[in-house]
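What follows is calculated from the coordinates using simple rules that are stated; it is not laboratory data. Worth saying up front: this structure is predicted, and the values here are computed from it rather than measured. No Cβ is skipped: glycine too gets one built from the backbone with ideal geometry, and neighbour counts run over all protein chains shown.
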Amino acid sequence: MPAVSKGDGMRGLAVFISDIRNCKSKEAEIKRINKELANIRSKFKGDKALDGYSKKKYVCKLLFIFLLGHDIDFGHMEAVNLLSSNKYTEKQIGYLFISVLVNSNSDLIRLINNAIKNDLASRNPTFMNLALHCIANVGSREMAEAFASEIPRILVAGDTMDSVKQSAALCLLRLNRSSPDLVPMGDWTARVVHLLNDQHLGVVTAASSLITTLAQKQPDDFKTSVSLAVTRLSRIVSSASIDLQDYTYYFVAAPWLSVKLLRLLQCYPPPEDAALRGRLTECLETILNKAQEPPKSKKVQHSNAKNAVLFEAISLIIHQDSEPTLLVRACNQLGQFLQHRETNLRYLALESMCTLASSEFSHEAVKTHIETVINALKTERDVSVRQRAVDLLYAMCDRSNAKQIVAEMLSYLETADYSIREEIVLKVAILAEKYAVDYTWYVDTILNLIRIAGDYVSEEVWYRVIQIVINRDDVQGYAAKTVFEALQAPACHENLVKVGGYILGEFGNLIAGDSRSSPLVQFNLLHSKFHLCSVPTRALLLSAYIKFINLFPEVKATIQDVLRSDSQLRNADVEIQQRAVEYLRLSCVASTDILATVLEEMPPFPERESSILAKLKKKKGPGNLPETNDSRRNGKVNGSTEPSEKMESSNQCFPSLFADLLPTNRPRPAPSSSIMPSAGTVVSTHPFTDVLNLNPAPSTGASLLIDVFSETSIEASTEMSEDSFHRFICKNNGVLYENHLLQIGLRSEYRQNLGRMYIFYGNKTSAQLLNFSSSVTSSDALKAQLNVQSKAVDPVIEGGAQVQQIINIECVSDFTDAPALNIQFRCSGTLQNISVKLPVMLNKFFQPTEMTSQDFFQRWKQLGDPRQEVQKIFKAKHPMDKDLTKSKIVGFGVALLDAVDPNNENFVGAGIIHTKNTQVGCLLRLEPNIQAQMYRLTLRTSRDTVSQRLCDLLAEQF
Amino acid sequence: MTMQFMLLFSRQGKLRLQKWYVPLSDKEKKKITRELVQTVLARKPKMCSFLEWRDLKIVYKRYASLYFCCAIEDQDNELITLEIIHRYVELLDKYFGSVCELDIIFNFEKAYFILDEFLLGGEAQETSKKNVLKAIEQADLLQEDAKEAETPRSVLEEIGLT
């Protein structure tokens, strides 16, 4: 029995709970529960009407039983009845039951909604709050449909009580998250922003969460919140700790609100207004200063709250990425935390520094902490902290420290926890390749990886080392020598045998001059491993042997004996058998010349992105690792997805089993396609085909990987929605949209009036996205101007996978609107709708035109009709950098004409817009005024609509 | 602070309170609970309070025999979540007067009511201790009033037979 029983205390319930607690076994518990369920059922079904109290008590018991983990299939109706009780306590239990146990029983939903409606209209704040809490807890679509328009009204009404406003704000937030399409925007939005000014800090706290969520989706509508948030924040950080009374938490002024405001500001770029910007910088400085002051309390709550604000401020500083001094100060502060005695702070400092490492301003400052981080790797007792240290080392790695970091990671790998080994292997492999100046170092590193953690070295890693060795003749001799030496070890990993077999088969001749590695010695060494290996490796070795016959005629007889032996020719495995038969025959019938042609050295691989990156990216997908880590970083760094060039062309060359080692056009034996040997039946798991990568990993792999390395935009994910459209005006590739479930990448190419767009949908979760569909819709007007055809896309996207959709576009005549891309899918049972503007704009159909100064001005004059010219004068939104401007104009699609304008600060360009119906010549001129931070942009074309549209589009860019 | 869910469980792994701020099926909820209880209980006392789990961040802290465990999103602030937990503990403590696990077992509905006043939709609604408790006490007063009006309960109920 509890020491205190507050409130009404339902005795029957307490007795029941005691009984359950006294049950000695699971069986006894189930027995007791079944008895109770039977009792309640009979009461509910009984003739005698139950009074409110009994109903409440039984509903509460059912709830308790449900929370113990048992299924409840009745009692919902009684709970709904409680909702309309006029006794608060009964109503409250009814709502609790509904919140916890609601199911989409449509009859009940109607009744529940009715009860909620009554309570919302009751003007009794306690009842209203109960109803709002229920909507926020359930958050179903049905409720959104019923109340999404009512709640904003309650929220901004002048006479609403503060506590109701708080509930209403968060209720709306929940509905906006679950069914954004049902929450109408309207004139209430402006009034919501003003809640940031409210006197009641609780209202401000609740409202700031709502505004942040809305601003993430529609930044433009909530721009005014920036100045209000800065003002509010500034008042909080400069207040004496007691000013805010009960909102002061362990001597820290309103820490939750501060964090929320700082979070809200991360939805926006740094304020343009200099005064406001100065004020914000001041706030951030104050927060950084406070970190240096002696603590006002020894309680951990004090330091946690203070540092929570500090870390959020640092996130904002990193997000803005514009104030070098703040960034360096943030880095120094985190540096102090790296050695703090609190494990939590060390963990967070490592985490936060990872993002700082990708800013050009602070990258160097982060690097100064390398020794501390390496030390953390060696001494931290908590694996999750060590994991963070690995992440940070990876993030801070560059050419200057790559050797040190790779060496440290390799040595950590010897003792690393099994759960993170594979990931470290991938990271080492990526760093070794990315920063290899000297490829002998790269080869050594990968062989070390195989030696230390062979089991964790995935196919991607050893495929890659072979690709690189094949492509770089300066390292081939070294590689042959090194694998030969490594193979001498009495026990070596099978992955080493694979790499060794392949490399000696190609380049064994480079070391054959030395009698210690003569052809026969090489062959015997390889063959001594043969019987210990799995079938795919043996198959690979057989191919190496036939290559030996070409390289070293003197061992031909020995090898033929091996091929001829029953254990090969009659091997139970059909792949081995086939190779043995075919290779043996080939070696007997072919002349030396033919052999030399057939078994010629492998041609270089087409340069392609490393598939290891794809692997790492995939691994970071949720669910794959129990304690995975840098999905945050990956998410942020996902700047642009520029799918590999090879992607679509690659499908044409279906891999032939022999094509790899025998680069001829010999037709492939028909049956072999069905007898792919390796353990998995999937084609791409076959070691031979894949080393060649004729069949590059399903498109998933090839394109996912690039984003890990494109360290361009950190802030991408927040300001995507509308903003992303403008980002594509001057470029064709990148991330169009991203949320926590889905990433949409885009690659497009245009020729004359035709375009093709490849849209990549990446599932960021570990779960399947079901019923996936995506369609492109255009307004009626646009349909006549722009022909858009989209191909169907797979309805299921596996966890972590990516699918591609191709869209063909034809420009019929000039246009202004943009088509919409509508995506719908189901994830974890919830239907998701995403709608994004597809960045197809008129300038995509430009063909650049070069012309002389004389021609330019002659045509300029010809287009002198005022309707043909559109001019815009505007303030610079970005730093006025000449090279940047040039690349934007070129990206816009026109030819940038040098030495045309007498003033060489100005930019002029020319191009032709191709549409199906007509071609429109365009001339443009951009005149920067550095002092005033302004531009004047002039467009002249033969069509007024074209001039207008192009001018609007381009003006957005500067 | 977008909290996805909060779980309270004992050292023996018994779930004492569960609050979900994202729609999930019962099956998923059970799976998540099982996995997390196991993961958190396996950690040693001095380890850090945060861990990455699936694509979420877990923030947890032990108070006496109870673990308080929250899941937040990637961009969320771990430390402030730790203090969300602490503030909730303070609220329970103040309301029950030196709260213990039994209070939460026997008055689970109160624990839910207090949580709803403090957090809504996974976000802090009211961080002032005074204001939250005031709201709960007002509700309790309403209950007292209502109780007086009720008919006297049967003797049978007093001994727990109904």
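Each residue of segment A:157-168 was assigned a 3J(HN,Hα) from its phi angle through the Karplus expression (A = 6.51, B = -1.76, C = 1.60, θ = phi - 60°), giving 5, x, 9, 6, 5, 4, 5, 5, 4, 4, 5, 5 Hz with x at Gly and Pro.
Based on the alpha-carbon gyration tensor of chain A and its eigenvalue square roots a ≥ b ≥ c, which shape applies: rounded if a/c is under 1.5, prolate if not and a/b is larger than b/c, or oblate? Present the calculation step by step, with values, prior to reporting the outcome.
Working: a/c = 1.80, a/b = 1.30, b/c = 1.39.
The shape class here is oblate.
Spin-label model, residue A:289/residue A:117: points 7 Å from Cα along the beta carbon direction are separated by 5.7 nm.
With a Förster radius of 56 Å, plug the Cβ-Cβ distance of residue A:890 and residue A:824 into 1/(1 + (r/R0)^6) and report the FRET value to the nearest 0.05. Could you put the intermediate results ahead of the total?
On the way: r = 37 Å, r/R0 = 0.66.
FRET efficiency, residue A:890 to residue A:824: 0.90.
Sorted on the mean count of surrounding Cβ atoms within 10 Å across their residues, most packed first, peptides A:793-805, A:64-76 read A:793-805, A:64-76.
Compute the length gained on full extension between residue A:881 and residue A:791: take 0.36 nm times their separation in residues and subtract their Cα-Cα distance, giving the result in nm to one decimal. Walk me through the numbers on the way to the answer.
On the way: separation 90, 0.36 × 90 = 32.40 nm, distance 4.06 nm.
The residue A:881-residue A:791 span can extend by a further 28.3 nm.
Working note: Karplus 6.51/-1.76/1.60 with θ = phi - 60° gives segment A:78-92 the couplings 5, 4, 4, 4, 4, 4, 8, 5, 8, 8, 3, 4, 6, 4, 4 Hz, where Gly and Pro are set to x. Per residue, the average separation of C-alpha pairs within less than 8 Å and at least 6 apart gives chain A a relative contact order of 5 percent.
For residue A:796, the residues whose modelled amide H falls within less than 5 Å of its own, excluding neighbours fewer than 5 places apart on the same chain, are A:772.
Taken residue by residue and averaged, Cβ atoms of other chains lying within 10 Å of the Cβ of A:742-755 number 0. Could you tell me which residue out of A:866, A:410, A:211 lies farthest along the dipole of the protein assembly as shown toward its positive end? Charges go on the beta carbon: Lys and Arg +1, Asp and Glu -1, centred on the Cα centre. Final value for the positive-end residue is A:211.
In which sequence would A:20, A:470 go, from the one with the fewest C-beta neighbours within 10 Å to the one with the most?
Details: A:20 17, A:470 22.
Ascending number of Cβ neighbours within 10 Å: A:20, A:470.
Kindly rank A:535-546, A:729-740, A:769-780 from highest to lowest mean number of other beta carbons found within 10 Å of each residue.
Values: A:535-546: 23.2, A:729-740: 19.5, A:769-780: 16.1.
So the peptides A:535-546, A:729-740, A:769-780, ranked by packing, come out A:535-546, A:729-740, A:769-780.
Rg to Rh for segment A:199-328: what is it, with Cα atoms only and Rh by Kirkwood? Please list the in-between numbers first.
Values: Rg = 14.2 Å, Rh = 14.9 Å.
Expressed as Rg/Rh, it is 0.95.
Against the empirical curve 2.2 N^0.38 Å, the C-alpha radius of gyration of segment A:141-285 lands at a ratio of 1.06. Extending 7 Å from the Cα toward the beta-carbon at both residue A:489 and residue A:28 defines two label points whose distance is 5.8 nm.
Beta carbons within 10 angstrom, averaged per residue: use that to sort the peptides A:368-374, A:33-39, A:475-481, highest first.
Details: A:368-374: 17.6, A:33-39: 15.0, A:475-481: 21.1.
Output ranking for A:368-374, A:33-39, A:475-481: A:475-481, A:368-374, A:33-39.
Among residues other than residue A:900 whose Cβ falls under 15 Å from its Cβ, what is the net charge (Lys/Arg +1, Asp/Glu -1)? It would help to have the intermediate numbers written out before the result.
Details: positive: A:859, A:861, A:886, A:925, A:940; negative: A:850, A:855, A:898, A:901, A:905, A:927.
Local charge sum for residue A:900: -1.
In terms of other Cβ atoms within 10 Å, A:23, A:354 run from fewest to most in the order A:23, A:354. Would you work out if segment A:822-931 is rounded, prolate or oblate? Take a ≥ b ≥ c from the square roots of the eigenvalues of the alpha-carbon gyration tensor; rounded if a/c is under 1.5, else prolate when a/b is larger than b/c, oblate otherwise. Since a/c reaches 1.5 and a/b is larger than b/c, the shape of segment A:822-931 is classed as prolate. Here the residues B:76, A:51, ranked from fewest to most Cβ neighbours within 10 Å of their Cβ, fall in the order A:51, B:76.
For segment B:115-120, putting each phi into the Karplus relation 6.51 cos²θ - 1.76 cosθ + 1.60 with θ = phi - 60° gives couplings of 4, 5, 6, 8, 10, 9 Hz, in residue order, rounded to whole numbers and with x for Gly and Pro.
Can you give the average number of partner chain beta-carbon atoms within 10 Å of each beta-carbon in peptide A:253-262, as a whole number? Can you show the working numbers first?
Details: counts 0, 2, 5, 10, 2, 1, 8, 5, 0, 1.
That average works out to 3.
Taking the square roots of 5 times each eigenvalue of the Cα gyration tensor of segment A:162-225, largest first, gives ellipsoid semi-axes of 18, 14, 9 Å.
Mind checking B:126-137 for the average number of partner chain beta-carbons within 10 Å of each residue's beta-carbon?
Numbers: counts 14, 11, 11, 3, 3, 8, 3, 0, 1, 4, 2, 2.
Partner-chain Cβ atoms within 10 Å, mean over residues of B:126-137: 5.
Amide hydrogen proximity for residue A:815: with H placed 1.01 Å from N in the peptide plane, no residue at 5 or more positions away or on another chain lies under 5 Å.
Among the listed pairs A:61/B:29; B:29/B:130; A:434/A:791; A:26/B:30, which are separated by more than 25 Å between their Cα atoms?
Numbers: A:61/B:29 21 Å; B:29/B:130 33 Å; A:434/A:791 37 Å; A:26/B:30 17 Å.
Table pairs above 25 Å Cα-Cα are B:29/B:130; A:434/A:791.
Distance between the pseudo-spin-label points of residue A:872 and residue B:42 (7 Å out from Cα toward the beta carbon): 5.7 nm.
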